[in-house]
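**Student:** Have a look at this one.
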Amino acid sequence: MKELIEAECCIPALTPPDYFGESVFNDTEMRTRLSKSTYESLKKTIDIGEAIDTSIADEVATVMKQWAVEKGATHYTHWFMPLTNTTAEKHDSFIEVTADGQVIMNFSGKALTLGEPDASSFPSGGLRETARARGYTAWDCTSPAFVKEHTLYIPTAFFSYGGEILDNKAPLLRSVEVLSKQGLRVLRALGNTTSKRIVSTVGPEQEYFLVDKKYYEKRLDLMMTGRTLFGAPSPKSQELDDHYFGILKTRIVEFMHDLDIELWKLGVSAKTKHNEVAPGQHELAVIFNRSSEAADNNMLVMEMCRKVAERHGMVCLLHEKPFAGVNGSGKHINWSLATDDGKNLLDPSDDPSKNAQFLVFLAATLKAVDEYADLLRLSVATAANDHRLGASEAPPAIISAFIGEELDLMVDDLLAGRAYHPTDRNQTNLGVKTISLCTVDKTDRNRTSPFAFTGNKFEFRMCGSSMNIASPCYTLNTVVAETLSEAADILEKATDPDAEAHRYFVDTVRAHRRIIFNGNNYSPEWPKEAERRGLPNRHNTVEAVSALKDSKNVAVFEKMHVLTPKETESRGEIILENYAKQIGIEARTALDMVTREITPAVVDYVYDLTQITYQQMALNVKETGVRNILSTFNNYIDQLYNATEDLKKAEARAQELTDTEEQARFYCYEVLPCMSKLREIVDSIEPLVPENRWPLPSYVDLMFRV
Ligand code: ADP
Ligand code: MG
């Protein structure tokens, strides 16, 4: 046995496929192509957040262009994240005409560092007057440039002529800086003199559905809104638990394989793939990364999921709730804090109770989550995600934190002033000689918690599948930076910092213990218990945005220099605007489908039934079966007509409202119920109509025929 292990140790680790990161202007490319001084200067900015030296821009641009052209690029684009949950790009070629009429390929430092797209058609929540349409994109060198489809992509931050932030990237970068600054204060106070920077590490797990393109194209709702607005349940859905981790269909394997290759080329470390709970649903997780790169990479993951699916004759649905009655899709954000010299600050070590650093970072995180629960909820608020949160498949809209049995025991002991004795890891013996003794984790998992400690990181589970993770990431970074700054204020004054850290932990956790909930978040008792504890339960986007009426929620972004009050408020405005627009589109799509597809199909079928009843009457048939069916249908057509009219009126009324909040509220509380009513009727009719006469592909087609 010993020999075997030694022999294995001698096998050299295999290198990753040649093409891994081949389309990325990565560290190796920078090191080999840039001058030593430029490389070192750029590295200091990327790795330890030093201010960028703009004098290196020309050299970087020239080298980057050279590399990109070798990779087949003819164009470059400043790639940014406007407040639309997607990315934006405008391509310019490297072509330039010189004074003597020669055509050359050029790319200047100025073109690398600053772009000027017209900002007037991006959401700004009233920040940018239309008359002042200028917007700028500024190079974010902390996330690498890459080549895709003949274009050099340069990650950038987007802001207005007046300097107001118009994107998700800039606040993320700011939050990373402030988190590092405040976290380092804590580390220094606790005696760490070596770490130069703290980064938030983020590993998102992306869920998605795949449907066959031929069915997708027959569903106006999927094409217009990303979700089915109608659809009777299929006879079987997810109740047998046979899809989660189930055998992958060959078509799906081929898709996933191609997707991995595309992502690996782009340096995105796709790691885990499997079937998810609902039929047709899957997951892809990448290896964690610094939050800004993780956010860029996740945007690429979503883009590639869509593009590769097309190649395989499928469509990738990233919507949070494409189908009623089965699980929706989320995006768990695994989040931790690490130093530049590789220490995970949320690693409890063998005895967390003696690990002052861990105690402070854990307590500060719990305090932040409790004090700013509303902001975390807001960071993931969209019309689509409202279908998930609280639907017993995803965490509820109530924020709480799971810390696990082990840490809970430690909390009990420390708060009671007792010494804590860490338990050993359990060993589990399966009683099978050929299976080795297994050392299992100290704590079981909790799959229902919105914010769960999973050993050395937290998993924030409320983010929706289609979202840009930047918003929850910068929110979490900001609120934790704020509580770390308070902790640092205390620790910096302490004569015995370790004892003070211990005291900080006890005081903080005692004051915020209500946020810790290790039970079942899906149970009907939890909302009542949460209410008793005073935890907010903002069950839809409109209520989530009203959290901004609490001035402390606006102030924290200002205090941490992440967003000005104007910028924060404009974000609330944009969320409400998007919410109203999204439901407006859904309502109009539903009306279109009912009026032009569903009702005519039903009326056609009723016409045939009527003909049969006429014939039966002429033949003096006494049996009333067909007449009964007909009368059922006539009744449904009546209901269908009334519900359609109600929705039409509600949607028209909503459109007349000019106040953003009032309009969003109207869509939420008046239009959505009309849509639900209409859906209920349509879904009751669908199973009564022959398959070949129903105008829409069914849930069976969409979820099982792929
Ligand atoms: P699960 O069992 O929760 O589905 P996955 O393997 O799908 O787990 O995803 C776990 C994610 O957590 C991966 O993206 C992984 O890289 C990430 N992760 C691991 N350690 C850290 C860390 N220290 N900080 C942030 N993310 C991490
Ligand atoms: Mg996973």
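**Student:** Would you mind stating whether Ala285 is farther than 15 Å from Lys148 by Cα, outside any strand (DSSP E or B) and near ligand 1 (Cβ under 10 Å from one of its atoms)?
**Tutor:** Spelling it out, it is not the case that Ala285 is farther than 15 Å from Lys148 by Cα, outside any strand (DSSP E or B) and near ligand 1 (Cβ under 10 Å from one of its atoms).
**Student:** Let me ask you something else. Could you check how many residues of segment 447-464 are within 11 Å of ligand 1 (Cβ to nearest atom), touching a residue at least 12 places away in the same chain (Cβ under 8 Å) and of a type outside the set (Val, Ile, Thr)?
**Tutor:** Total meeting the criteria: 8.
**Student:** Continuing with the same structure: Out of the residues in segment 422-468 meeting the condition of being basic (Lys, Arg) and modelled with pLDDT of 70 or more, tell me which one is most open to solvent (accessible area, probe 1.4 Å).
**Tutor:** Looking at residues that are basic (Lys, Arg) and modelled with pLDDT of 70 or more, I get Lys433.
**Student:** Hey, another quick one. Looking only at segment 271-282, which residues are open to solvent by less than 10 Å² (accessible area, probe 1.4 Å) and within 13 Å of ligand 1 (Cβ to nearest atom)?
**Tutor:** Within segment 271-282, Asn275, His282 meet the criteria.
**Student:** While we're here: Thr495 is checked against (1) farther than 24 Å from Trp526 by Cβ; (2) crowded, with 18+ Cβ neighbours inside 10 Å and fails just one. What number does that condition carry?
**Tutor:** Against the list (1) farther than 24 Å from Trp526 by Cβ; (2) crowded, with 18+ Cβ neighbours inside 10 Å, Thr495 comes up short only on (2).
**Student:** Further question on the same structure: Would you confirm whether any residue within segment 295-310 is in the same structural domain as Lys236 (by TED's automatic domain parsing), touching a residue at least 60 places away in the same chain (Cβ under 8 Å), over 14 Å from the mean Cα position of the chain (by Cα) and in a loop (DSSP other than H, G, I, E, B)?
**Tutor:** No, because not a single residue in segment 295-310 is in the same structural domain as Lys236 (by TED's automatic domain parsing), touching a residue at least 60 places away in the same chain (Cβ under 8 Å), over 14 Å from the mean Cα position of the chain (by Cα) and in a loop (DSSP other than H, G, I, E, B).
**Student:** Within the set of pairs 6 or more residues apart or between chains, which connect a residue that is over 17 Å from Cys316 (Cα atoms) inside segment 266-285 to a residue that is within 14 Å of ligand 1 (Cβ to nearest atom) and of a type in the set (Asp, Glu) with Cβ atoms less than 8 Å apart?
**Tutor:** Thr272/Glu205; Thr272/Glu283
**Student:** Another question, then. Do we find a residue being under 15 Å from Cys141 (Cα atoms), among the acidic types (Asp, Glu) and either modelled with pLDDT of 90 or more or surrounded by fewer than 14 Cβ atoms within 10 Å (Cβ to Cβ) (or both) anywhere in segment 65-86?
**Tutor:** The answer is no, given that none of the residues of segment 65-86 is under 15 Å from Cys141 (Cα atoms), among the acidic types (Asp, Glu) and either modelled with pLDDT of 90 or more or surrounded by fewer than 14 Cβ atoms within 10 Å (Cβ to Cβ) (or both).
Residue-by-condition table, conditions (1) touching a Gly at 6+ places or on another chain (Cβ under 9 Å); (2) under 14 Å from Thr599 (Cα atoms):
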| position | (1), (2) |
| --- | --- |
| Cys668 | no, no |
| Cys674 | no, no |
| Val682 | yes, yes |
| Glu686 | yes, yes |
| Glu691 | no, no |
| Leu696 | yes, yes |
| Leu702 | yes, no |
| Arg705 | no, no |
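**Student:** What do you reckon, is Ala652 hydrophobic (A, V, I, L, M, F, W, C) and surrounded by fewer than 13 Cβ atoms within 10 Å (Cβ to Cβ)?
**Tutor:** Yes: the conditions hold for Ala652.
**Student:** Right, something else. Among the candidates Asp638, Asp604, single out the residue that is acidic (Asp, Glu), open to solvent by 70 Å² or more (accessible area, probe 1.4 Å), in a helix (DSSP H, G or I) and in contact (Cβ under 8 Å) with a residue 40 or more places away in the chain.
**Tutor:** Of Asp638, Asp604, the one residue that is acidic (Asp, Glu), open to solvent by 70 Å² or more (accessible area, probe 1.4 Å), in a helix (DSSP H, G or I) and in contact (Cβ under 8 Å) with a residue 40 or more places away in the chain is Asp604.
**Student:** Regarding segment 322-340, can at least one residue be identified that is in contact with a His (Cβ under 9 Å, 6 or more places away or on another chain), open to solvent by less than 30 Å² (accessible area, probe 1.4 Å) and closer than 30 Å to Glu680 by Cα?
**Tutor:** The answer is yes; a qualifying residue exists.
**Student:** As an exercise: evaluate Lys110 against (1) in a loop (DSSP other than H, G, I, E, B); (2) under 18 Å from His78 (Cα atoms) and give the number of the one condition it does not meet.
**Tutor:** (1)
**Student:** Check Tyr136 against each of (1) aromatic (Phe, Trp, Tyr); (2) open to solvent by less than 40 Å² (accessible area, probe 1.4 Å); (3) touching an Asp or Glu at 6+ places or on another chain (Cβ under 8 Å) and name the one condition it does not meet.
**Tutor:** (2)
**Student:** From the list Pro396, Pro348, which residue is closer than 25 Å to Arg197 by Cα, open to solvent by 10 Å² or more (accessible area, probe 1.4 Å) and not in a helix (DSSP H, G or I)?
**Tutor:** That would be Pro348, the only listed residue that is closer than 25 Å to Arg197 by Cα, open to solvent by 10 Å² or more (accessible area, probe 1.4 Å) and not in a helix (DSSP H, G or I).
**Student:** I'd like the residue in segment 268-294 that is within 14 Å of ligand 2 (Cβ to nearest atom) and polar (S, T, N, Q) and, out of all such residues, is farthest from Ser698 (Cα to Cα).
**Tutor:** Only one residue fits best here, namely Thr272.
**Student:** Next up: Just to check your reading of the model, which residue among Glu558, Glu569, Glu573, Glu577 is over 22 Å from the mean Cα position of the chain (by Cα) and in a helix (DSSP H, G or I)?
**Tutor:** Glu558
**Student:** Filter segment 149-164 down to residues that are farther than 14 Å from Ala470 by Cα, touching a residue at least 40 places away in the same chain (Cβ under 8 Å) and open to solvent by 10 Å² or more (accessible area, probe 1.4 Å), then give me how many there are.
**Tutor:** Selection size over segment 149-164: 3.
**Student:** Looking at Thr610, Thr568, can you tell me which residue is without any contact (Cβ under 8 Å) to a residue 60 or more places away in the chain and crowded, with 21+ Cβ neighbours inside 10 Å?
**Tutor:** None of the other options fit; the residue is Thr568.
**Student:** OK, next. Just checking, does segment 219-241 include any residue being without any contact (Cβ under 8 Å) to a residue 60 or more places away in the chain, in a helix (DSSP H, G or I), open to solvent by 60 Å² or more (accessible area, probe 1.4 Å) and away from ligand 1 (no atom under 16 Å from the Cβ)?
**Tutor:** There is at least one residue in segment 219-241 that is without any contact (Cβ under 8 Å) to a residue 60 or more places away in the chain, in a helix (DSSP H, G or I), open to solvent by 60 Å² or more (accessible area, probe 1.4 Å) and away from ligand 1 (no atom under 16 Å from the Cβ).
**Student:** Next question, about the same structure. Please go through segment 242-260 and pick out each residue that is open to solvent by less than 40 Å² (accessible area, probe 1.4 Å), out of contact with any helix residue (DSSP H, G or I) (no Cβ under 8 Å at 6 or more places or on another chain) and not in a loop (DSSP other than H, G, I, E, B).
**Tutor:** Ile252, Met256, Asp260 - these are the residues of segment 242-260 that are open to solvent by less than 40 Å² (accessible area, probe 1.4 Å), out of contact with any helix residue (DSSP H, G or I) (no Cβ under 8 Å at 6 or more places or on another chain) and not in a loop (DSSP other than H, G, I, E, B).
**Student:** Here's something else I'd like to know. So which of Lys367, Lys354 is more than 16 Å from ligand 1 (Cβ to nearest atom) and without any contact (Cβ under 8 Å) to a residue 12 or more places away in the chain?
**Tutor:** Exactly one residue qualifies, and that residue is Lys354.
**Student:** Among (1) among the hydroxyl-bearing types (Ser, Thr, Tyr); (2) under 30 Å from Ala419 (Cα atoms); (3) touching a Gly at 6+ places or on another chain (Cβ under 7 Å), which single condition is Tyr504 missing?
**Tutor:** (3)
**Student:** If you don't mind, there's one more thing I want to ask. Filter segment 87-105 down to the residues that are surrounded by 13 or more Cβ atoms within 10 Å (Cβ to Cβ) and either in a loop (DSSP other than H, G, I, E, B) or of a type in the set (Val, Ile, Thr) (or both) and list them by number.
**Tutor:** Scanning segment 87-105 gives Thr87, Glu89, Lys90, Phe94.
**Student:** Are there any pairs, at least 6 apart or on different chains, whose C-beta atoms fall under 8 Å, with the first in segment 185-206 and over 15 Å from Ala494 (Cβ atoms) and near ligand 1 (Cβ under 9 Å from one of its atoms) and the second open to solvent by 20 Å² or more (accessible area, probe 1.4 Å) and hydroxyl-bearing (Ser, Thr, Tyr), and if so, which?
**Tutor:** Within 8 Å, the pairs are Glu205/Thr272.
**Student:** Which pairs do you get when a residue that is touching a residue at least 12 places away in the same chain (Cβ under 8 Å) and part of a helix (DSSP H, G or I), found in segment 526-555, comes within reach of a residue that is among the small types (Gly, Ala, Ser) and surrounded by fewer than 20 Cβ atoms within 10 Å (Cβ to Cβ), reach meaning Cβ atoms under 8 angstrom, with the pair 6+ apart or on two chains?
**Tutor:** That search, which allows pairs on different chains as well, returns Trp526/Gly519.
**Student:** Of a type outside the set (Asp, Glu), within 12 Å of Tyr208 (Cβ to Cβ) and in the same structural domain as Phe209 (by TED's automatic domain parsing), is that true of Gly328?
**Tutor:** Yes: the conditions hold for Gly328.
The values are calculated or read from the model by the stated rules, or taken from the named source; none is laboratory data. All figures in this text were calculated on a predicted structure; none of them were measured in a lab. Here the Cβ is made from the backbone with ideal geometry for all residues, glycine too, and neighbour counts use every protein chain on show. Please note that ligands, DNA and RNA were not included when accessible areas were found on the heavy atoms of the full protein model with its side chains. Shrake-Rupley method; radii C 1.70, N 1.55, O 1.52, S 1.80 Å.
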